[in-house]
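Engineer: Okay, handing you the structure first.
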Amino acid sequence: MAAHQEKKLAQERKHKPTQNDTQTSQVQWGRAWEVDWFSLASILFLLLFAPLIVYYFIMSCDQYQCSLTDPLRDLLTGNKHLSDIWNKTPTLTYRAAGIYSLWVAFQVVLYVFVPDFCHKFLPGYVGGVQEGAVTPAGVVNKYEINGLQAWIITHVLWFANAYYFHFFSPTIIFDNWIPLLWCANILGYAVSTFAMIKGYFFPTNAKDCKFTGNFFYDYMMGIEFNPRIGRWFDFKLFFNGRPGIVAWTLINLSYAAKQQELYGQVTNSMILVNVLQGIYVVDFFWNEAWYLKTIDICHDHFGWYLGWGDCVWLPYLYTLQGLYLVYHPVQLGTANAVGVLMLGLIGYYIFRATNHQKDLFRRTDGHCRIWGKKPEYIECSYMSVDGTKYYSKLMTSGFWGWARHFNYTGDLLGSLAYCLACGFAHILPYFYIIYMTILLTHRCVRDEHRCSSKYGKDWTRYTAAVPYRLIPGVF
Ligand code: NDP
């Protein structure tokens with residue numbers, strides 16, 4: 001019922017122009033009530049084309065040795081029809097459905113029923129029950145942080161099978177890659193649709209629902225902020241981390257196993273991709289508690305963008321380099337391999353150090369040292385939807401004094417390294433850096449828009465103190 005009231009309120013707000021004072025805009029933070037035509041057009045484009053883009057990339061590897069232009073050329077010259085390509089595409093199989101169901105069920109069990117024990121013996125690791133950030137409705141959710149444990153258990157079992165039990169081949173993921181794509185799509189659409197229905201009829205927290213009145217926007221960007229089933233099954237934390245990011249390293253391992261099977265060796269480029277992306281994934285789980293304070297959890301609502309994106313887009317497109325290397329086993333010269341490794345490690349260092357600086361600063365409320373000095377910051381305030389005033393700080397020291405999102409810059413350098421590991425013969429492995437550049441630039445703008453409405457004039461003071469977004473002196 002409360003959700004219906006929120007929806008009604010949203011419609012009233014749509015018709016009643018909001019006052020133009022800072023206070024009103026600050027109370028609205030995290031709630032984009034108006035959907036402009038550009039957002040709507042982008043959303044319709046993505047809803048229609050994102051599944052096709054994923055299919056096109058995976059099909060190109062399966063049927064055209066990862067060439068993105070050959071399928072188009074075949075279609076445009078009439079050499080092939082869409083139906084020829086479609087008919088050659090593997091269909092959904094019982095085997096893939098079984099593998100996928102077992103995989104997701106296993107991850108649910110690890111997430112819901114195995115409380116974290118890693119924090120009890122790993123020094124410096126923050127796991128177990130942790131609190132998220134304050135939501136726009138003023139709620140603070142609790143989370144069971146056990147992703148590192150789930151990742152370790154899953155990978156120990158994977159290696160135990162590969163080297164000892166031999167229940168299934170380590171190439172199982174590659175061998176069923178397209179049938180598994182259909183399963184991932186089914187889950188992605190099912191969970192997004194369920195989240196939408198849940199937002200209307202039985203939301204976890206009605207005050208944190210966002211109804212724009214536009215069906216497509218609500219479906220894509222989500223209604224509920226933190227949908228949950230029961231006390232602990234949090235949709236955002238589970239779907240982003242588990243079927244998606246735990247799978248990432250397993251998928252890469254399966255590609256490496258396929259190279260070994262096909263060519264009798266694993267190339268240094270495949271090892272580089274496995275190692276660099278492995279570091280990124282382990283970092284994610286090591287810092288899962290920190291992740292509670294990132295935009296995905298703190299600001300995004302749970303809709304198709306996160307639900308389908310985590311099930312399909314992430315595991316299929318973030319792993320394109322490894323897939324490409326199965327078809328094109330690139331062996332890099334020593335200098336190139338070292339160059340790629342260094343770029344990847346420097347990118348990772350910047351990414352981690354920048355994120356760590358903010359985390360430390362926020363956790364200690366500024367009572368810490370950044371690069372050996374007391375951090376400088378700008379005091380700011382904001383209001384939750386019930387009018388309660390909160391205080392916060394925006395740091396202007398360390399990497400946060402160089403640019404407003406230097407963590408994204410590090411992420412981009414690391415992403416470039418994965419792509420460079422694949423050489424220059426095809427564009428397909430470079431999709432990742434192109435996509436990440438668009439994603440993170442857009443994210444930067446989106447986040448700043450939100451921060452500006454959250455902090456008002458305090459945000460303006462901050463942007464005056466730190467004028468660049470990603471690259472000091474350039475952008
Ligand atoms: P950030 O970790 O940069 O978080 C942005 C938030 O931090 C802002 O909304 C604001 O939140 C707070 N903030 C901004 N400036 C300051 C400051 N100067 N001092 C203190 N707090 C500040 O962004 P993300 O959550 O997007 O990214 C987290 C990491 O995840 C990044 O390193 C990014 O590269 C990575 N990432 C990777 C993706 C991938 O697909 N591989 C996708 C997205 C992100 P508040 O309201 O609390 O003030």
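The values are calculated or read from the model by the stated rules, or taken from the named source; none is laboratory data. Only a predicted model underlies this, so the values are computations on that prediction, with no experimental measurement involved. All Cβ positions, even for glycine, are placed from backbone atoms using ideal geometry, and neighbour counts span all protein chains on display.
Engineer: Name the single residue that is nearest to the chain's Cα centre (by Cα) among those in region 366-388 being surrounded by fewer than 18 Cβ atoms within 10 Å (Cβ to Cβ) and modelled with pLDDT under 85.
Structural biologist: The residue in question is V385.
Engineer: One residue is enough: does region 333-356 have a residue meeting the conditions of a type in the set (S, T, N, Q) and either farther than 30 Å from M221 by Cβ or away from the ligand (no atom under 16 Å from the Cβ) (or both)?
Structural biologist: So far as region 333-356 goes, yes, one or more of its residues are of a type in the set (S, T, N, Q) and either farther than 30 Å from M221 by Cβ or away from the ligand (no atom under 16 Å from the Cβ) (or both).
Engineer: Every residue in region 255-304 that is of a type in the set (G, A, S), more than 16 Å from the ligand (Cβ to nearest atom) and either surrounded by fewer than 24 Cβ atoms within 10 Å (Cβ to Cβ) or not assigned by the TED database to the domain that holds G132 (or both), please.
Structural biologist: Listed by number, the residues that qualify are A256, A257, G264.
Engineer: Can you tell me which residue in region 60-106 is surrounded by the fewest Cβ atoms within 10 Å (Cβ to Cβ), limited to those that are without any contact (Cβ under 8 Å) to a residue 12 or more places away in the chain and basic (K, R)?
Structural biologist: Filtering region 60-106 for residues that are without any contact (Cβ under 8 Å) to a residue 12 or more places away in the chain and basic (K, R), the one surrounded by the fewest Cβ atoms within 10 Å (Cβ to Cβ) comes out as R73.
Engineer: For region 251-274, which residues satisfy the criterion of being within 16 Å of Q321 (Cβ to Cβ) and free of Cβ contacts under 8 Å to residues at least 12 places away in the same chain?
Structural biologist: Hit for region 251-274 is V266, nothing else.
Engineer: Go through region 446-473 and give me each residue that's hydrophobic (A, V, I, L, M, F, W, C), in contact with a helix residue (DSSP H, G or I) (Cβ under 7 Å, 6 or more places away or on another chain) and more than 8 Å from the ligand (Cβ to nearest atom).
Structural biologist: Those that are hydrophobic (A, V, I, L, M, F, W, C), in contact with a helix residue (DSSP H, G or I) (Cβ under 7 Å, 6 or more places away or on another chain) and more than 8 Å from the ligand (Cβ to nearest atom): W459, L470, I471.
Engineer: Still on this structure: With L428, L412 as the choices, which residue is in contact (Cβ under 8 Å) with a residue 24 or more places away in the chain and within 9 Å of the ligand (Cβ to nearest atom)?
Structural biologist: Unique residue meeting the criteria: L412.
Engineer: Among the numbered criteria (1) within 14 Å of the ligand (Cβ to nearest atom); (2) closer than 21 Å to V104 by Cα, which one does G307 miss?
Structural biologist: For G307, the exception is condition (1).
Engineer: Taking region 156-192 on its own, how many of its residues are touching a residue at least 24 places away in the same chain (Cβ under 8 Å) and not in a helix (DSSP H, G or I)?
Structural biologist: Summing the residues that are touching a residue at least 24 places away in the same chain (Cβ under 8 Å) and not in a helix (DSSP H, G or I) in region 156-192 gives 4.
Engineer: Working carefully through the options Y430, Y455, find the one that is out of contact with any strand residue (DSSP E or B) (no Cβ under 9 Å at 6 or more places or on another chain) and surrounded by 18 or more Cβ atoms within 10 Å (Cβ to Cβ).
Structural biologist: Numbers: Y455 fails: out of contact with any strand residue (DSSP E or B) (no Cβ under 9 Å at 6 or more places or on another chain).
Of Y430, Y455, the one residue that is out of contact with any strand residue (DSSP E or B) (no Cβ under 9 Å at 6 or more places or on another chain) and surrounded by 18 or more Cβ atoms within 10 Å (Cβ to Cβ) is Y430.
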